[in-house]
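Below is one structure; the comments refer to it alone.
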Amino acid sequence: MDDVGVKCAPQRKRVVLLGSTGSIGKSTLEVARLLPERIELVGLAANGSVEALAAQARETGVTKVALHDASRVEELRALLPPGVTIFAGPEGLVELATLEEADMVLIAIVGTAGLHPALAAIEAGKDLAVASKEIFVMAGEVVTAAAEKRGVKLLPVDSEHNAIFQCLDGHRGGEKEVSRLILTASGGPFRTLPAEMLADVTLEQALKHPTWDMGRKITIDSATLFNKGLEMIEARWLFGIGMERIDVVVHPQSIVHSMVEFIDGSVLAQMSKTDMCFPIQYALTWPDRVAGGLQPLDFGKLARLDFEEPRQADFPALKLARDAGLMGGTLPAVFNAANEVAVDAFIAGSIRFPDIWRIVGEAMHRHQVAPANSLEAVIEADRWARETALAGCRGLPV
């Protein structure tokens, strides 16, 4: 039979979503609504948002969910339709991430809780879409080695890394033709605030991001520029580019999401509206581009695109990140863990805004760097950094 001209139906990705009730998770559900012929959600997981998780399960019809807070399982069960399987605790995230029917796992868990499920998903042969940059910062060597061994794809969901991925996608020359990766930063809410006023900023002020709607932790990381520091280290592992060739430029409008500069001086940039549905959709439908109902840029309404150097002396997170990335080993895990502790302390009102940088820098200075070629070494460095940072938070004037 002549099948010339017959079109095959698009492949439908079966996706497990870890962190479904957070901002990335909600955007992922929106993409799935727009592309039901392309994306089928087969598992959802949340930390402790019982009502929201139950509502998502009812809407999507998934029959497998996980709740990190095991103490609330019965509360969740009462809200779910009959026949839904509930996995509980950290082990439940791993069970969900290794579902036989899943093609891909999207990890949108803030912090380090996504590391074990990520490695389990890779070992189970699942492609990984990653919005949790801490996975690569803590254990980039371990994760990338595991993915290479199993032959699975690592697809970035962060807007900056997804932009670089798009600029490099299909580029035949590879790493040797890349001069620099240029991550863009909004500059956060304190981009123009005088340095002497940073000690007095409040939590409420730090949570007012000028362009993105994100969770508390990542919003404060944006205010300190630790978010961009974490992204520098993540880019080093995702794209195999040395830290010395990864730079940051401040771009307040957040329209250009990142750029790649090639050795001939040419620069490719990826642009779109400030909507996380764009990078999520590209990660979930790659290697295809599909029409999903997202609105393109209206260049006639773009008044301007500004770029400026970051204030590295006033916002030392970028230098700390570069130091951690260049040294390597367990130092990036210390950088990440100490920052998590310090951000929690700032949210609790225990320390001032600039103390976040101080606590991370002190932990890094005190750490005896070891190779990070095993999960055990990474977890031990993470544990040490949390204890050290917590001790550093005590007794600081507020």
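General observations
- Scan of the range 305-357 for residues that are open to solvent by less than 10 Å² (accessible area, probe 1.4 Å), more than 19 Å from Ala377 (Cβ to Cβ) and either assigned to a loop (DSSP other than H, G, I, E, B) or among the β-branched types (Val, Ile, Thr) (or both), ordered by number: Phe315, Val343, Ile351, Phe353, Ile356
- The range 276-304, subset of a type in the set (Phe, Trp, Tyr) and not in a loop (DSSP other than H, G, I, E, B), residue least open to solvent (accessible area, probe 1.4 Å): Tyr282
- Residue in the range 166-174 that is farther than 18 Å from Leu18 by Cβ, among the charged types (D, E, K, R) and surrounded by fewer than 18 Cβ atoms within 10 Å (Cβ to Cβ) present: yes
- Only one entry in Glu95, Glu101, Glu74 is surrounded by fewer than 21 Cβ atoms within 10 Å (Cβ to Cβ), touching a Phe, Trp or Tyr at 6+ places or on another chain (Cβ under 7 Å) and either of a type outside the set (Phe, Trp, Tyr) or not assigned by the TED database to the domain that holds Trp384 (or both), namely Glu95.
- Just one of the numbered conditions (1) more than 15 Å from the chain's Cα centre (by Cα); (2) closer than 19 Å to Pro332 by Cβ is not true of Gly151: (2).
- The set of residues in the range 25-51 being small (Gly, Ala, Ser) and over 22 Å from Val94 (Cβ atoms) consists of Ser27, Ala32.
- In the range 185-204, residue least open to solvent (accessible area, probe 1.4 Å) [restricted to those that are under 27 Å from His161 (Cα atoms) and more than 18 Å from the chain's Cα centre (by Cα)]: Phe190
- Considered as a group, the residues in the range 368-387 that are under 22 Å from the mean Cα position of the chain (by Cα) and β-branched (Val, Ile, Thr) include one that is farthest from Glu141 (Cα to Cα), and that residue is Ile379.
The values are calculated or read from the model by the stated rules, or taken from the named source; none is laboratory data. Computed from a predicted structure; not experimentally measured. Using ideal geometry, Cβ is built from the backbone for each residue, glycine included, and neighbour counts are taken over all protein chains shown. Quick note on the areas: whole protein, heavy atoms, side chains included, nothing else; ligands and nucleic acids left out. Shrake-Rupley method; radii C 1.70, N 1.55, O 1.52, S 1.80 Å.
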